[in-house]
Every structure is written in C-alpha cells, then in structure tokens.
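The values are calculated or read from the model by the stated rules, or taken from the named source; none is laboratory data. Model, not experiment: these values are computed from the prediction. Note that each Cβ is placed from the backbone with ideal geometry, even for glycine, and that neighbours are counted across all protein chains shown.
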Amino acid sequence: MAYSERLGKMKKELYAVYFESANYAGYGEWCLVWASDEEDARDEASPYAEEFYREQDESELNEDYAPEEMEGMMFAAIMEVFPLSADKGADIRRYMRDESQKHFYPIVN
C-alpha cells in the first residue's frame, strides 16, 4: 500500500490526526489526511474534526449552552499529528487493512 503521492512538484503523504472534543473530556477520534507537512495536515483535518464534534456533542451542548454562547465556540482540539509512514503509524496501518477496523480511520480529503 502506498502512503504518498506526487501532486505537481508538491509531495503529499498521508498523515494521522488524533482529535478530541474541546468541550467534554473522555474520548477522541482519528482521521487521515493527505498533506505536505504537519501544519497542512492540521489545516486539512480541522473542518472535519470541528463538524464531527459539533454533531457528536450537539445534544449536550444544547443543554449546557444558549445558542448565542455557542457562536464562535471551538468544538474539537487536535492533539496529535504525524506522518502515517512514521514508526508510530504502524498500528494504524495494520488497522486500515482490517475490514472491521478501517472505518475508524477515515481519509477526509
């Protein structure tokens, strides 16, 4: 399985991004993004992470905050970013080959 591709002169590779709810403790999620570096990976993953936890935490947020209090609120915090080809990506690469696990690591761009 190839984890990098050439797009013009810019080389992009697959990055693993771990993110958590910015409002409630206790759980996190992974996604994968094609990016040229860690900063680019954060930028690519942020919209997905924000939308994921805005939807995931919606009922609790509606109970805890008034709509005007949620304006401008952050919903996700990106905690870790690394190239999938790095040593610490070995488990994720293995899970991606497992049909029962790969849906936990969506490629979002």
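General observations
- Residue within region 71-81 that is buried (at least 16 other Cβ atoms within 10 Å of the Cβ), under 17 Å from Asp37 (Cβ atoms) and either at pLDDT below 95 or not small (Gly, Ala, Ser) (or both) present: yes
- Screening Trp34 on (1) touching a strand residue (DSSP E or B) at 6+ places or on another chain (Cβ under 6 Å); (2) assigned to a helix (DSSP H, G or I); (3) touching a residue at least 40 places away in the same chain (Cβ under 8 Å) shows it passes everything except condition (2).
- The single residue among Glu13, Glu55, Glu68, Glu44 that is part of a helix (DSSP H, G or I) and in contact (Cβ under 8 Å) with a residue 60 or more places away in the chain turns out to be Glu44.
- Matching option when the condition is at pLDDT below 95 and more than 26 Å from Asp91 (Cβ to Cβ), among Tyr65, Tyr53: Tyr65
- Filter result (outside any strand (DSSP E or B) and either buried (at least 18 other Cβ atoms within 10 Å of the Cβ) or within 9 Å of the chain's Cα centre (by Cα) (or both)) within region 16-31: Asn23
- Selection from region 53-109 of residues that are of a type outside the set (D, E, K, R) and farther than 28 Å from Lys12 by Cα: Gln56, Ser59, Leu61, Asn62, Tyr65, Ala66, Pro67, Met70, Gly72, Met73
- Considering region 11-42, the residues that are aromatic (Phe, Trp, Tyr) and touching a helix residue (DSSP H, G or I) at 6+ places or on another chain (Cβ under 8 Å) include one that is nearest to Val81 (Cα to Cα), namely Tyr15.
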